[in-house]
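The next block holds one structure in the form of structure tokens; read it before the comments.
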Amino acid sequence: MSHHPASPRTVGALSAALAAAFSFGAQAAEVTGNATLTTDYVWRGSTQTQGDPAVQAGAKIAGESGLYGSVWGSNVEFAPETHASSEYDFTLGWGHSLNDDWTLDVNVLHYRYPSTTVELNWTELNGTATWKGNYWVSLGHSNEALGYDERGVYGLIGARFPVNDKFRFEAAAAYYDIKDLNGDDRDDSYAHGLVSAVWAFKAPAPTVNVEARLTAHATDSKAKDFFGEDFAGNRIEAALQASF
């Protein structure tokens, strides 16, 4: 099955919306950023770098209304015939506290792979509800999941368990409902989960926060069938992230 290209209209609309988000007045907006070094870029249970390290960075600008725009990038390494070497994610969304316990975030996320010789770009609508800052449920939907002309629905539940101000555990379980992406009349849906140990500490620069993270990822056998043995299964990822 051929990949589904993002139309110029879709890309143009996202670009215009992202530009609008970045045009907030300086006094009404907060700018944040992050940079990460990781031993393996793992996305939804599968490696995006064939187990190799990745360098990642992102920036976000958010207004007082909750509207925000962000850009994030990473190196990737897919199947050789795709010639994929980089990924850029463009997000436009709204996130705000509903009350003392609940926060809501909804966004449109566009995945873009500029260096490929095949069309891999795709767009997804996402929503996350968080309770008391420690428990969350996320749902994603796309009619061009993973760059194919097929529907994909992604659901995740997660939790964090603080031990103290500097150390916490996190866990998540997810299911990706995707069918017949390869045109073989097969159900390509799969499940995955993760458990992380996270140590947060202050960097010498007072405005920089650093987190060291060790994560164990696991997928079911259906993910191995779909992505391949080298891309799915059990793996350990170690990452160091600076936020500012």
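The values are calculated or read from the model by the stated rules, or taken from the named source; none is laboratory data. Keep in mind that this is a model prediction, so the values were computed, not measured. Here the Cβ positions follow ideal geometry from the backbone for every residue, glycine too, while neighbour counts run over all protein chains shown. Areas reflect the complete protein model, heavy atoms only, side chains present, ligands, DNA and RNA absent. Shrake-Rupley method; radii C 1.70, N 1.55, O 1.52, S 1.80 Å.
Annotations
- Over 13 Å [Cα-Cα, segment 29-96], rounded percent: 68
- Averaged per residue, the chain has 52 square angstrom of accessible surface, using a 1.4 angstrom probe with ligands and nucleic acids left out.
- Inverse mean reciprocal Cα-Cα distance (Kirkwood Rh) of segment 166-244, Å: 14.6
- Segment 41-178: C-alpha pair distances exceeding 23 Å, %: 44
- Extension gain, residue 243-residue 99: 0.36 nm per intervening residue step, less the Cα-Cα distance, totals 49.2 nm.
- Taking 15 Å as the straight-line reach from the Cα of residue 179, the aspartates and glutamates in range (excluding those fewer than 8 positions away in the same chain) are 144, 149, 150, 187, 188, 225.
- Only Cα sites of segment 110-244 enter the Debye sum here, all with the same form factor; the resulting log10 I(q)/I(0) across q = 0.15 1/Å is -0.93, listed in q order.
- Partner lysines whose Cα lies under 24 Å from the Cα of residue 132, excluding those fewer than 8 positions away in the same chain, are identified as 60, 166, 202.
- For segment 115-156, the equivalent ellipsoid derived from the Cα gyration tensor has semi-axes of 28, 11, 6 Å, listed largest first.
- Annotation: amide H-H contacts under 5 Å for residue 186 (H modelled 1.01 Å from N, sequence separation of 5 or more, or interchain): 180.
- With every protein chain in place, the chain: carbon and sulfur % of accessible area (1.4 Å): 60
- Set the Cα radius of gyration of the chain against 2.2 N^0.38 Å, with N its number of residues, and you get 1.02.
- Over the chain: helical MRE at 222 nm, DSSP H runs n ≥ 4 each giving -39500 (n - 2.57), nearest 500: -2500 deg cm²/dmol
- Test item: Cα-centred dipole of the chain, Lys/Arg +1 and Asp/Glu -1 on Cβ, debye: 800
- 168, 151, ranked by accessible area, largest first (probe 1.4 Å): 151, 168
- The phi torsions of segment 45-55, fed into the Karplus equation with coefficients 6.51, -1.76 and 1.60 and a -60° offset, translate into couplings of x, 10, 6, 9, 10, 6, x, 8, x, 9, 10 Hz, rounded to whole numbers, with Gly and Pro shown as x.
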